[in-house]
Amino acid sequence: MKSQIKKVGVIGAGTMGAGIAGQVANAGIEVWLLDLPSGGEDVNMLSGKGLERLKDPDMPGLMSKEAENLINLGNTRDHFHELAGCDWIAEAVVERLDIKQRLYKKLNDSCKKSTIITSNTSTIPIKLLTEGMPIEFCERFAITHFFNPVRFMRLLELVRGEFTRDDVISTLHEFSEIKLGKGVVPCSDTPGFLANRVGVFAIQCALHNAFELGLSPTEADAFFGRPLGLPKTGVFGLYDLIGIDLMADVVKSLVSILPEDDAFHKYSAPIDFMTKMIANGQTGNKNDKGFYKQDGDGKKVINLSNGDYVPHERLKAPLLEIAEKNGVSEILNDNGPYGLYIWRVLSETLCYAASLVPEVTEDLTQIDDAMKLGYNWIKGPFELLDEIGAEGFINRLKDDGRDVPSFLQKSLPKKFYTALESELSFLGVDGATKPIVRSSGVLRFSEVRQTLKAIHSNESASWYEFEGVAVVEFHSKANALDSGSLDVLTDALSEAEKMGLKGVVIHNDFQHFSCGVSLWGVRDYFEKDDFDALDAFLVCFQNTMLKMRNVNLPVVAAPVGMSIGGGFEVVLHADHVVSHANSVMGLVESFVGVVPAGGGCKETLYRWAENLGDNHKAAWKSFMNIGLGRRANSPTEAGALSMRKVDDVFHMNRDYILNIALNSLDNTIKAGARKPLALSGSEHFKEMLEWLTTNHEKGVLTPHDVTVGTEIARIVSGGDCPSGTIFTEQDILDAERSSFISLAQTPETQARIVAMLDNGITLRN
């Protein structure tokens, strides 16, 4: 019988322990965070530092102030008794077996017998952790291996011991999945489990081969990234993100626990250049310098030949564009250095993953899930093999004189994943296909999509009929919105109504919902000096947003990841929103020198007016939200910024939101057209201009910030018109579009857009 987890204890307030405590609090559950007592006045200094880490504005581990209030700080001397009433205690102390075992003996003596106890270790087997402990303790003990940062990384590897009870595993699985929002992957008690074993191998393989082939970090990261469906950090950027010194420690740890004949050892040797970097304090983002660094002149990258930093420019290679459009095979078919690099890395990594079946796991979906959830790969190793074609892959291995993992050889001629009778199945080790079984409520559109045929599709978006609902999916680069995206969305809205479908759900299963209107498209318009065409695009964008409101069907947006700029304007015009707890929302157009022109200014103004009941205050709030490009890092924050309606909902686990969105259609009420609004007028407009001037004089705003801010002020106040002047919804939309076109013609805005696209930097001009 599963137990209820209503109170949690976390021992160890380092990065991982604090992160676990923060996520428990995010779930609305009381948690005690303990660490060793400190000398001096503040005996809880270490646990306090853990809490402070959670409040880092660049990577906030807490979703709200309410969550912070659920964390009790303490130390293991004065507050150990508080653990007695906990239903689950997570240990996240230093990776020393003796320290952990002493702690477990103390917990066994102090806690109630029903308390579940777990370790966050990734290096020490359960058999050693529980050695000498009574059977009753072993029965309630497991490993819960979280990934950093805990709030944002989806994977939880759940490892049971020889004696762990079924009810303990099921309780942890359900709690972690529903309350903590994790994708739970059951793992055997083997060295490195799954994600780090494959993931660190891939990183090391990419790193060593880049050095061997003489590729720069810019070149390696450009290819070992988005073209493969991997995070854009690539390998060198990922080293910087994790910490070059920390990664060195991770590699050493794996070296110590993996069998001597494991292929990982081939890529485990330290690289002299990086050893010198660590000695020089060049350890990555935490020190603001690693393989990359940011300075006043913009982003720079290290020269691997001499260690000097040079200006960073994004790699412009036709092969990149072709690969992102047509798939990984385009790179593998290339005979140049980039094709060789990716073949080496990908072939080694995929073979390594295949070698773990069946010795480490008999379920290949566990490996794919681990890489997708723990390393943000869009496709797991076996999904990539299906895309490449296993037979051709194996033949090339043989041509190179390399060994073929037995599971790969035995798989032929079957694919690893097959859609059978509207059900996605995977290839088992016995050669039979087996249906993928997910927890009740879990629905991944990336899996569902493989069983469907698109009603209408282009390079930017597609829509499908699923369970009597039109499901729209953006799938351009960064899911940026362009004419193709709008065409598919408009078609789905029109056809769904004609077909008598229940409604429309806008959702995708990628890292982000949409990062806004395509800046590449905007750049193309201004470089061609074709502002009439840009205006026509904006008219189409606005009309599509209005159609979402006016169509006689409920429209639900189900965003994950970032919904910013134009992407957030789509969310703003939905009748109902079901979002992930980590969804990031906001109108950030001001950073690239334009204004929201898809109804974002309009909706922000209307929402503040509804919430405040004062159009003057609403205009000022809107001016600040849009002008400063404010982003909400959680639905809770979104509510405080009037970005989220009271009846909108969110869930901790992104794998649940599509199912919730589909089920919400029956109860969704159409929002309808906006009524005319009385704007605050010229006097308020002048106040905003004075604020802009003052902050420019203080050095807070640049000259072009003032120019952009003036346009935002004009839109939300009505500009030079008497207070109380009535503006229709269309009037405000026209003002948005006019300001966007005006700004897009300025050299300053064009420079901002070019800087963002070419170098990934926000230009302050």
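The values are calculated or read from the model by the stated rules, or taken from the named source; none is laboratory data. Note that the structure is predicted; figures quoted are calculated from it, not measured. All Cβ positions, even for glycine, are placed from backbone atoms using ideal geometry, and neighbour counts span all protein chains on display.
Report, by residue number, each residue of segment 359-380 that is out of contact with any strand residue (DSSP E or B) (no Cβ under 6 Å at 6 or more places or on another chain) and of a type in the set (D, E, K, R). Matches in segment 359-380: GLU359, GLU362, ASP363, ASP368, LYS372, LYS379.
It is to be established whether one or more residues within segment 601-623 are closer than 30 Å to LEU658 by Cβ, part of a helix (DSSP H, G or I), of a type in the set (S, T, N, Q) and touching a residue at least 12 places away in the same chain (Cβ under 8 Å). Yes, segment 601-623 has at least one match. Entry remark, segment 108-124: residues being over 29 Å from the mean Cα position of the chain (by Cα) and touching a residue at least 60 places away in the same chain (Cβ under 8 Å) number 2 in total. Screening LEU628, LEU662, LEU641 for residues that are in contact with a Lys or Arg (Cβ under 7 Å, 6 or more places away or on another chain) and more than 23 Å from GLN730 (Cα to Cα) leaves exactly one candidate, LEU641. Surrounded by 18 or more Cβ atoms within 10 Å (Cβ to Cβ) and closer than 30 Å to GLU321 by Cα, is that true of LEU228? Criteria met by LEU228.
Out of all the residues in segment 539-553, is one or more of a type in the set (A, V, I, L, M, F, W, C), at negative phi and outside any helix (DSSP H, G or I)?
Here is the first cut: in segment 539-553, the residues of a type in the set (A, V, I, L, M, F, W, C) are 539-541, 545-546, 548, 551, 553.
Keeping just the survivors that are at negative phi gives 539-541, 545-546, 548, 551, 553.
With outside any helix (DSSP H, G or I) added as a condition, the list becomes 551, 553.
The answer is yes; a qualifying residue exists.
Can you list the strands (runs of 3 or more DSSP E) found entirely within segment 454-529 that contain at least 2 residues being in contact with a Ser or Thr (Cβ under 7 Å, 6 or more places away or on another chain)?
The qualifying strands (runs of 3 or more DSSP E) are 469-474.
With respect to the conditions (1) free of Cβ contacts under 8 Å to residues at least 60 places away in the same chain; (2) under 30 Å from LEU641 (Cβ atoms); (3) in contact with a Gly (Cβ under 7 Å, 6 or more places away or on another chain), PRO57 lacks only one, and its number is (3). For the condition in contact (Cβ under 8 Å) with a residue 60 or more places away in the chain, closer than 30 Å to ASN659 by Cβ, assigned by TED's automatic domain parsing to the domain that holds LEU129 and aliphatic (A, V, I, L, M), LEU155 qualifies.
Which of the following residues is buried (at least 21 other Cβ atoms within 10 Å of the Cβ), in a helix (DSSP H, G or I), under 19 Å from the mean Cα position of the chain (by Cα) and in the same structural domain as ILE506 (by TED's automatic domain parsing): VAL571, VAL560? Reasoning before the result, please.
Working: VAL560 fails: in a helix (DSSP H, G or I).
Of the residues listed, the single one that is buried (at least 21 other Cβ atoms within 10 Å of the Cβ), in a helix (DSSP H, G or I), under 19 Å from the mean Cα position of the chain (by Cα) and in the same structural domain as ILE506 (by TED's automatic domain parsing) is VAL571.
Residues that are under 24 Å from the mean Cα position of the chain (by Cα), at pLDDT below 90 and of a type in the set (Gly, Ala, Ser) within segment 288-335 comprise ALA323, GLY327, listed in sequence order. Considering only residues of segment 502-520 that are more than 18 Å from ASN582 (Cβ to Cβ) and surrounded by fewer than 19 Cβ atoms within 10 Å (Cβ to Cβ), which is modelled with the lowest pLDDT? Among residues in segment 502-520 that are more than 18 Å from ASN582 (Cβ to Cβ) and surrounded by fewer than 19 Cβ atoms within 10 Å (Cβ to Cβ), the one modelled with the lowest pLDDT is TRP520. The lone criterion from (1) touching a residue at least 60 places away in the same chain (Cβ under 8 Å); (2) in a helix (DSSP H, G or I) left unmet by GLN730 is number (1). Please verify whether segment 414-426 includes one or more residues that are crowded, with 18+ Cβ neighbours inside 10 Å, within 23 Å of LEU493 (Cα to Cα) and in contact (Cβ under 8 Å) with a residue 12 or more places away in the chain. No; the residues of segment 414-426 include none that is crowded, with 18+ Cβ neighbours inside 10 Å, within 23 Å of LEU493 (Cα to Cα) and in contact (Cβ under 8 Å) with a residue 12 or more places away in the chain.
Report whether or not ASN120 is at pLDDT 95 or above, touching a His at 6+ places or on another chain (Cβ under 7 Å), under 16 Å from GLY22 (Cβ atoms) and of a type in the set (S, T, N, Q). Yes; evaluated as a whole, the condition is true for this residue. A single member of GLY339, GLY284, GLY307, GLY290 is at positive phi, surrounded by 15 or more Cβ atoms within 10 Å (Cβ to Cβ) and either charged (D, E, K, R) or in the same structural domain as ALA390 (by TED's automatic domain parsing) (or both), and it is GLY284.
Cβ-Cβ distances below 6 Å connect the following pairs, each with a first residue in segment 171-191 that is assigned by TED's automatic domain parsing to the domain that holds GLY28, a second residue that is basic (Lys, Arg) and crowded, with 23+ Cβ neighbours inside 10 Å, and a separation of six or more residues or different chains: SER176/LYS182.
Here's the yes/no breakdown for (1) assigned by TED's automatic domain parsing to the domain that holds GLN294; (2) in contact (Cβ under 8 Å) with a residue 12 or more places away in the chain; (3) among the basic types (Lys, Arg):
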{"site": "LYS686", "(1), (2), (3)": "no, no, yes"}
{"site": "VAL700", "(1), (2), (3)": "no, no, no"}
{"site": "ASP705", "(1), (2), (3)": "no, yes, no"}
{"site": "VAL716", "(1), (2), (3)": "no, yes, no"}
{"site": "GLY724", "(1), (2), (3)": "no, yes, no"}
{"site": "GLU736", "(1), (2), (3)": "no, yes, no"}
{"site": "GLN745", "(1), (2), (3)": "no, yes, no"}
{"site": "ALA751", "(1), (2), (3)": "no, yes, no"}
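When the criteria are applied in full, LEU103 meets the requirement of being out of contact with any Lys or Arg (no Cβ under 8 Å at 6 or more places or on another chain) and within 13 Å of ILE89 (Cβ to Cβ). Figure legend. Inter-residue proximity from segment 192-218: first residues in a helix (DSSP H, G or I), second residues surrounded by fewer than 24 Cβ atoms within 10 Å (Cβ to Cβ) and among the basic types (Lys, Arg), beta-carbon distance below 7 Å, spacing 6+ or different chains. Indicated pairs: ASN209/ARG344. One residue stands out among those in segment 400-437 that are in a loop (DSSP other than H, G, I, E, B) and under 23 Å from ALA470 (Cα atoms): the one that is modelled with the lowest pLDDT, which is GLU421.
Mind listing just one residue for me: the one in segment 737-765 that is among the basic types (Lys, Arg) and either part of a helix (DSSP H, G or I) or over 22 Å from LEU628 (Cβ atoms) (or both) and, of those, farthest from the chain's Cα centre (by Cα)?
Applying the first criterion (among the basic types (Lys, Arg)) to segment 737-765 yields 737, 752, 764.
This time we only want the ones that are either part of a helix (DSSP H, G or I) or over 22 Å from LEU628 (Cβ atoms) (or both), so: 737, 752.
Numbers: ARG737: 31, ARG752: 25 Å.
Here the residue is ARG737.
Looking only at residues of segment 132-149 that are in contact (Cβ under 8 Å) with a residue 40 or more places away in the chain and surrounded by fewer than 22 Cβ atoms within 10 Å (Cβ to Cβ), we find that the one that is farthest from ALA195 (Cα to Cα) is PRO149.
Between VAL345, VAL310, the distinction of being of a type in the set (Val, Ile, Thr) and in contact with a helix residue (DSSP H, G or I) (Cβ under 9 Å, 6 or more places away or on another chain) belongs to VAL345 only.
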